[in-house]
Amino acid sequence: MSSLGFQPTGSGSDLRGFVEACAAPTALVDAAGCLLATNAAFDRQFTPQADSTLGLLLGSEANCAELAEQAPLAVTSRPDGRLHLQAVGDSRLWLAQWQLECVDRGEEQRQLQMFADTVAHDLRAPLRSIDSFAKLLEDRAASKLDAAERMHLSRIRTAATRMGALLTALGELSRAASAQLQPQDVDMSLLAEWVGAELQDADAARDVSLIVQPGLRAWGDERLLKQLLRALVENAWTFTRGCDVARIEIAGERIGGRLRMQVRDTGCGFDMHYAHKLFEPFQRLHGVEQGAGHGLGLAIAQRIARRHGGFVSADSRVDEGSTFTVDLPAVAGEGDNRDA
């Protein structure tokens, strides 16, 4: 027997008012299934006649009590939902409400991922052409161009590169939400050092001190957790540029069954008044001239943390640096129980 999620009470007139106020298709019926009152949504869905009964809609001669034992009920004319029944008071009156069934979120996510990958792939080809022909023109006609024209070409190539990076980040954001998790014991300290080495190789001129506490271990998907750390450490790397002392510290502790990890930097910081924007896609608290990217890195980190049942939070002071705290499941310790 199904339930509408509430216990309706009141007189017939009260219930008619309730039916009319419902947003979902709803009807008031008697014990035999005769329709006593319907709302506009119910009429649009089923276009009942004056002598209609639930039995006619369902192709059954059973009364409400019998139908309720089989509820939620399939309606042939509307296979995308089910009809739920609930008795009112002494079961002389019943409420019937049609509700959409839950969709397959896994399939929906797969379709969205395919769409995102296709769009990214189809957009990359013209971007490569724009960059290639701009470079060709730059190389072959450099002597014929003045400084302003060379600057225009440089801006074209820079914009194409930024667009390519944005497409990559959009794909990462989509995968962060839809990729199947493969949880395992993850050495977060090793991943942090790995990310730091990648950033140093890509920006060899920078002198950044990266200090990583050993022994930080989490339970999660290693590939996604590396992506999370990459977003946080790269953010710290970017906004320590120009600082007298560029230092990034990664430390943490186990609290119960959770790993609480901090990524601290000595960068330019930000105004906490705008912290609510920090993990929203495409939101930037700094300008491009200060090194801000596409505005997706921290949104990706937050999405990955939430998929692991955790979160990312931030604390900062302008010109005093920032601290990002990551909460994740810890590796099961002695006496702990964890299903893989």
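In region 265-284, of all residues being over 22 Å from R303 (Cβ atoms) and either of a type outside the set (A, V, I, L, M, F, W, C) or without any contact (Cβ under 8 Å) to a residue 12 or more places away in the chain (or both), the one that is surrounded by the fewest Cβ atoms within 10 Å (Cβ to Cβ) corresponds to H273. The requirement of being surrounded by fewer than 15 Cβ atoms within 10 Å (Cβ to Cβ), at pLDDT 85 or above and out of contact with any helix residue (DSSP H, G or I) (no Cβ under 9 Å at 6 or more places or on another chain) is fulfilled nowhere in region 225-246; no residue meets it. For region 159-210, the set of residues classified as part of a strand (DSSP E or B) and charged (D, E, K, R) consists of D185, D187, listed by residue number. Among the residues of region 102-117, is any out of contact with any Lys or Arg (no Cβ under 9 Å at 6 or more places or on another chain), at pLDDT 75 or above and either surrounded by 12 or more Cβ atoms within 10 Å (Cβ to Cβ) or of a type outside the set (D, E, K, R) (or both)? Scanning region 102-117, I find no residue that is out of contact with any Lys or Arg (no Cβ under 9 Å at 6 or more places or on another chain), at pLDDT 75 or above and either surrounded by 12 or more Cβ atoms within 10 Å (Cβ to Cβ) or of a type outside the set (D, E, K, R) (or both), so the answer is no. Mind listing whichever residues of region 234-254 are under 11 Å from R206 (Cα atoms) and aromatic (F, W, Y)? Listed by number, the list holds a single entry, W237. How many residues does region 251-265 hold that are touching a Gly at 6+ places or on another chain (Cβ under 9 Å) and closer than 14 Å to A314 by Cα? Of the residues in that region, 5 qualify. Given the options A165, A169, name the one that is surrounded by fewer than 17 Cβ atoms within 10 Å (Cβ to Cβ), over 29 Å from V331 (Cβ atoms), among the aliphatic types (A, V, I, L, M) and not assigned by TED's automatic domain parsing to the domain that holds I255. Unique residue meeting the criteria: A165.
The values are calculated or read from the model by the stated rules, or taken from the named source; none is laboratory data. Keep in mind that what you see is a predicted model, and the values were worked out from it rather than measured. Backbone-built Cβ (ideal geometry, glycine too); neighbour counts: all protein chains shown.
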